[in-house]
Amino acid sequence: MLDISDKVVYQIYPKSFQDTNNDGIGDLPGIISRLPYLKKLGVDYLWLTPIYPSPQNDNGYDVADYTAINPTYGTMADFETLVAKAKALGIGIMLDMVFNHTSTEHEWFQKALAGDKKYQDYYIFKTSEKVPTNWQSKFGNSAWEYLPQLDKWHLHLFHTTQADLNWENPQLREELKDIIRFWKAKGVAGFRFDVINLISKPEVFADDFQGDGRRFYTDGPKVHSYLKELVKDTGIEDMITVGEMSSTTIDHCIKYSNPAEKELSMTFSFHHLKIDYLNNQKFHLQAADLKKLKDLFRQWGEEMQQGHGTNALFWCNHDQPRIVSRLGDDEKHHDISAKMLGTLIHTMRGVPYIYQGEEIGMNNAYFTDIEDYDDIESKNYYEILLKEGKSKEEVLHILRQHSRDNSRTPMQWDESKPYFGFSEVKPWLAIGKKAHGIDVASQVNNPASVFSHYQKLIALRKTEPTISKGIIKFLPAEETDLMVFQREYGDETTLVITNLKYDTSLHYELPTENYQVLIHNYDDLQAQENKVQLRPYESLVVKIK
Ligand code: TEU
Ligand code: CA
């Protein structure tokens, strides 16, 4: 089994990372040109979100050809160069496998539309007088689309042009294994599996009178056997793999990631990123529930450990708002809170992920007009929320908090250049409105920068066995906003004490006054013997002697 305990993964959204042919869109040569930067940061793997031919209705998660490169991003030769150059730097490439659905422009779906029975059985078609079930798409509205030319409905848990695949069909499963084999042969180091826990649909498709239908297809009856078969038949159990698990449970994530199960190396779960959803609804806001956050980190940290599962540790990705704007303070305590949030993720048990721009503290987009947005989910919900009676300003306020475009604004390389050095022409999505003063150029050689703090966190995971291999134990903290956990390995203990809030100074009594500070996000430490004071967003990591 691959030892990934001291590894860190960097997620690249190629469309927004670096443009080199001045079409305003990021590309593979752009990623190649930034490998030295990524090496300096110290990451071990690069997860690329989909780079395959796609109509881009969902920015590439609508795949039209799984074994080719979208010409907008470059050529297969560019990809092979990226793999080789990354490997020469000790960096592995992870590709995104979108196996729950294909684009309706995929040749399989086109053949199905043309009446080819073999390919119709690659998808989920239903003949029905009315919509087969009342299930909702995750992007809003019905999860079924009627196809007049076939007089059938097809299932799409996401956009109407993302048709769900029928994993019951062994021929389809063989096709997907060949895709894995193709990229393995290209030298990729691992795979991220998109919403892989939705692939096992129920025998009977019934209406859901308690919800949007997700309870019928999430962590479905055959999901583990499908995964075991895919991993075994493609021989990827010794590669780094991660499954994106939508609305999942700890028990399933233990089964998905316990090495004895021979499924995946680790899982993404999202419960900790719904603490500011009112009634679990993304586009209805509430203040972040920090007590719930603490409980979730403890529960997922300790119970996954108990079951020998592995959490992918993350705040940010291409679907999530920027964490410093979401849970930190991007006005008064920008760097301090960005460093605190990074410290939390990088000292817990699991494999940390850094999303492009998180390492320099990039903020949300703060767009002010629906025309600024690109994301299909945001545009769908703009209409849905207006129909619910919300005003335009209310809806734009909600999108400013939770739109996926918050994380998709161009990477901010160098403010002295046009478009922050991302491109020489207007990018496909506008630079964020709170980008000023936040760029790689001003941070990469500044020891006090957010970048340098992330560099230290990554290095700490490689030098500090308590962090890479230690067990995790959450300690009681009477203050709601104080999160305390320790990592134990052999006779060594590392303590992580964090003040999650902006307006309080909290005190904590260390078990001894013999400690060594491993990393800290303030310049000075306010302590009397073993009593430390934690100012707003203060995060202190100490090794107990
Ligand atoms: O995301 C699935 C997913 O759970 C999120 O899209 C979430 O449902 C959505 O953001 C609402 O909160 C994966 C990809 O990460 C996402 O970019 C794709 O749009 C989606 O699957 C479909 O492939
Ligand atoms: Ca380009």
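The values are calculated or read from the model by the stated rules, or taken from the named source; none is laboratory data. Treat the numbers as computed from the prediction; the structure is a model and nothing was measured. Note: ideal-geometry Cβ built from the backbone for every residue, glycine included; neighbour counts use all protein chains shown.
Just to be sure before I move on: is Thr81 closer than 30 Å to Leu198 by Cα, more than 16 Å from ligand 1 (Cβ to nearest atom) and surrounded by fewer than 23 Cβ atoms within 10 Å (Cβ to Cβ) in the structure I sent?
Details: closer than 30 Å to Leu198 by Cα: no; more than 16 Å from ligand 1 (Cβ to nearest atom): yes; surrounded by fewer than 23 Cβ atoms within 10 Å (Cβ to Cβ): yes.
No: the conditions fail for Thr81.
If the requirement is being closer than 30 Å to Val43 by Cα and touching a residue at least 24 places away in the same chain (Cβ under 8 Å), which of these qualifies: Ala185, Ala189, Ala143, Ala206?
So the residue among Ala185, Ala189, Ala143, Ala206 that is closer than 30 Å to Val43 by Cα and touching a residue at least 24 places away in the same chain (Cβ under 8 Å) is Ala189.
Please state which of the following conditions Val395 fails to meet, knowing it meets all the rest: (1) in contact (Cβ under 8 Å) with a residue 60 or more places away in the chain; (2) assigned to a helix (DSSP H, G or I).
Checking Val395 against (1) in contact (Cβ under 8 Å) with a residue 60 or more places away in the chain; (2) assigned to a helix (DSSP H, G or I), the one that fails is (1).
For Asp212, all conditions in the list (1) free of Cβ contacts under 8 Å to residues at least 60 places away in the same chain; (2) under 24 Å from the mean Cα position of the chain (by Cα) hold save one; what is the number of the exception?
Tallying (1) free of Cβ contacts under 8 Å to residues at least 60 places away in the same chain; (2) under 24 Å from the mean Cα position of the chain (by Cα), Asp212 fails exactly one: (1).
In the stretch 476-499, what count of residues is obtained for those that are buried (at least 20 other Cβ atoms within 10 Å of the Cβ), at pLDDT 95 or above and aliphatic (A, V, I, L, M)?
Residues meeting the conditions: 4.
Given the residues Gly90, Gly115, which is the only one that is modelled with pLDDT of 95 or more, surrounded by fewer than 21 Cβ atoms within 10 Å (Cβ to Cβ), among the small types (Gly, Ala, Ser) and under 24 Å from the mean Cα position of the chain (by Cα)?
Gly90
For residues in the stretch 299-334 being in a loop (DSSP other than H, G, I, E, B) and basic (Lys, Arg), which is surrounded by the most Cβ atoms within 10 Å (Cβ to Cβ)? Please lay out each step first, then the result.
So the first thing to find is which residues in the stretch 299-334 are in a loop (DSSP other than H, G, I, E, B), and the list is 307-310, 314-322, 327-333.
Now narrow it down to the ones that are basic (Lys, Arg): 322, 332.
Details: Arg322: 25, Lys332: 10.
The selected residue is Arg322.
Among Leu429, Leu460, which is more than 16 Å from ligand 2 (Cβ to nearest atom) and buried (at least 20 other Cβ atoms within 10 Å of the Cβ)? Full working, then the answer.
Numbers: Leu429 fails: more than 16 Å from ligand 2 (Cβ to nearest atom).
The unique qualifying residue is Leu460.
Can you give me the number of residues within the stretch 93-112 that are free of Cβ contacts under 8 Å to residues at least 12 places away in the same chain and either aliphatic (A, V, I, L, M) or surrounded by fewer than 15 Cβ atoms within 10 Å (Cβ to Cβ) (or both)? I'd like the intermediate steps shown before the answer.
Within the stretch 93-112, the first condition is being free of Cβ contacts under 8 Å to residues at least 12 places away in the same chain, and the residues that meet it are 110-111.
Next, from what is left, pick out any that are either aliphatic (A, V, I, L, M) or surrounded by fewer than 15 Cβ atoms within 10 Å (Cβ to Cβ) (or both): 110.
Qualifying residue count, the stretch 93-112: 1.
Hydrophobic (A, V, I, L, M, F, W, C), over 14 Å from Thr409 (Cα atoms) and without any contact (Cβ under 8 Å) to a residue 40 or more places away in the chain: which single residue out of Ile336, Ile376, Ile345, Ile354 fits that description?
Result: Ile345 is the single residue among Ile336, Ile376, Ile345, Ile354 that is hydrophobic (A, V, I, L, M, F, W, C), over 14 Å from Thr409 (Cα atoms) and without any contact (Cβ under 8 Å) to a residue 40 or more places away in the chain.
Quick grid of which residues meet (1) under 23 Å from Val425 (Cα atoms); (2) among the basic types (Lys, Arg):
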{"residue": "Ile31", "(1), (2)": "yes, no"}
{"residue": "Arg34", "(1), (2)": "yes, yes"}
{"residue": "Lys39", "(1), (2)": "no, yes"}
{"residue": "Val43", "(1), (2)": "no, no"}
{"residue": "Asp62", "(1), (2)": "no, no"}
{"residue": "Thr75", "(1), (2)": "yes, no"}
{"residue": "Thr81", "(1), (2)": "no, no"}
{"residue": "His101", "(1), (2)": "no, no"}
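Kindly indicate which of Ile323, Ile336 is among the β-branched types (Val, Ile, Thr) and farther than 24 Å from Pro14 by Cα.
Criteria check complete, one pass: Ile336.
Mind checking which pairs have a first residue in the stretch 53-65 that is free of Cβ contacts under 8 Å to residues at least 60 places away in the same chain and more than 15 Å from ligand 2 (Cβ to nearest atom) and a second that is of a type outside the set (A, V, I, L, M, F, W, C) and not in a loop (DSSP other than H, G, I, E, B), Cβ under 7 Å, 6 or more apart or different chains?
Ser54/Ser103; Val63/Thr102; Val63/Ser103; Ala64/Ser103
Quick one: which residue in Asp44, Asp62 is within 18 Å of the chain's Cα centre (by Cα) and closer than 23 Å to His106 by Cα?
From the options Asp44, Asp62, the qualifying one is Asp62.
When you scan the stretch 315-324, do you find a residue that is among the acidic types (Asp, Glu) and within 16 Å of ligand 1 (Cβ to nearest atom), even just one?
Within the stretch 315-324 (the criterion being among the acidic types (Asp, Glu) and within 16 Å of ligand 1 (Cβ to nearest atom)), the answer is yes, since at least one residue qualifies.
Looking at (1) without any contact (Cβ under 8 Å) to a residue 40 or more places away in the chain; (2) in a helix (DSSP H, G or I); (3) among the hydroxyl-bearing types (Ser, Thr, Tyr), which one does Ser416 not meet, given that it meets all the others?
(2)
Return yes when Asn166 is within 15 Å of Lys201 (Cβ to Cβ) and surrounded by fewer than 19 Cβ atoms within 10 Å (Cβ to Cβ) and no when it is not. Quick ask: steps written out before the conclusion?
Values: within 15 Å of Lys201 (Cβ to Cβ): yes; surrounded by fewer than 19 Cβ atoms within 10 Å (Cβ to Cβ): yes.
Criteria met by Asn166.
Would you confirm whether or not the stretch 183-192 contains a residue that is more than 25 Å from the chain's Cα centre (by Cα), of a type in the set (Gly, Ala, Ser) and under 29 Å from Gly92 (Cα atoms)?
yes
When the residues of the stretch 394-419 are filtered to those that are of a type in the set (A, V, I, L, M) and within 21 Å of the chain's Cα centre (by Cα), which remaining residue is nearest to Glu358 (Cα to Cα)?
Of everything passing the filter in the stretch 394-419, Met411 is nearest to Glu358 (Cα to Cα).
Looking only at residues that are among the hydrophobic types (A, V, I, L, M, F, W, C) and within 16 Å of ligand 2 (Cβ to nearest atom) in the stretch 18-48, which one is farthest from Glu80 (Cα to Cα)?
Going through the qualifying residues, I end up with Ile25.
Condition first: under 16 Å from Glu371 (Cβ atoms) and basic (Lys, Arg). Now tell me which residues in the stretch 408-442 satisfy that.
Scanning the stretch 408-442 gives Arg408, Lys426, Lys433.
Name the single residue that is nearest to ligand 2 (Cβ to nearest atom) among those in the stretch 1-17 being of a type in the set (Phe, Trp, Tyr) and closer than 17 Å to Tyr52 by Cβ.
Phe17
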